[in-house]
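One structure below.
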Amino acid sequence: MDWTELIGFVGGLLTTMGMVPQVWRLFKLKSAHEISLTFSLFFTIGIAFWLVYGILNGLMSVIIWNGVALALGCGIFYAKMKWGPVGHKVTRLDNSRISIECGENDAK
């Protein structure tokens, strides 16, 4: 392993592990209202593209850390969909539709 790949591994380790406390907090508190749905969706899709890029170019540091980051990103997205809307009740009606019921304060 050359030094440039080592830099990639260390950078990937630090940025990916920086997400762990946030994901841990989401699942511990069962609250994701402070996380933007747009962020969680774009972040997860972006990480998936980085993973594909790493695979296509054979970059192990990109493959490994973006694989881990993708799992964490999916966890963030899952938490946002499950616990995200404050004052809303989200119900899955079928495979393609979601119902959102607003509380009294949201209807104004």
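The values are calculated or read from the model by the stated rules, or taken from the named source; none is laboratory data. As the structure is a prediction and not an experimental result, all values here were calculated from the model. Glycine also receives a Cβ, built like all others from the backbone with ideal geometry; neighbour counts cover every protein chain displayed.
If I go through the range 42-60 residue by residue, how many of them are in contact with a helix residue (DSSP H, G or I) (Cβ under 8 Å, 6 or more places away or on another chain), over 17 Å from Met19 (Cα atoms) and part of a helix (DSSP H, G or I)?
4
Testing Ile35 on (1) surrounded by 15 or more Cβ atoms within 10 Å (Cβ to Cβ); (2) part of a helix (DSSP H, G or I), one condition comes back false. Which one is that?
In the conditions (1) surrounded by 15 or more Cβ atoms within 10 Å (Cβ to Cβ); (2) part of a helix (DSSP H, G or I), Ile35 misses (2) alone.
Which members of the range 4-19 meet the condition of being among the β-branched types (Val, Ile, Thr) and closer than 20 Å to Thr44 by Cβ?
Passing the criteria: Thr15, Thr16.
Counting just the residues of the range 41-79 that are among the polar types (S, T, N, Q) and either under 19 Å from Gly8 (Cβ atoms) or at pLDDT below 90 (or both), which one comes out surrounded by the most Cβ atoms within 10 Å (Cβ to Cβ)?
Checked the range 41-79; the qualifying residue surrounded by the most Cβ atoms within 10 Å (Cβ to Cβ) is Asn66.
So which pairs qualify, if the first residue must be in the range 1-19 and without any contact (Cβ under 8 Å) to a residue 60 or more places away in the chain, the second must be surrounded by fewer than 12 Cβ atoms within 10 Å (Cβ to Cβ) and part of a loop (DSSP other than H, G, I, E, B), the Cβ gap must be under 9 Å, and the two must be at least 6 apart or on different chains?
Close Cβ pairs satisfying both conditions: Phe9/Met1.
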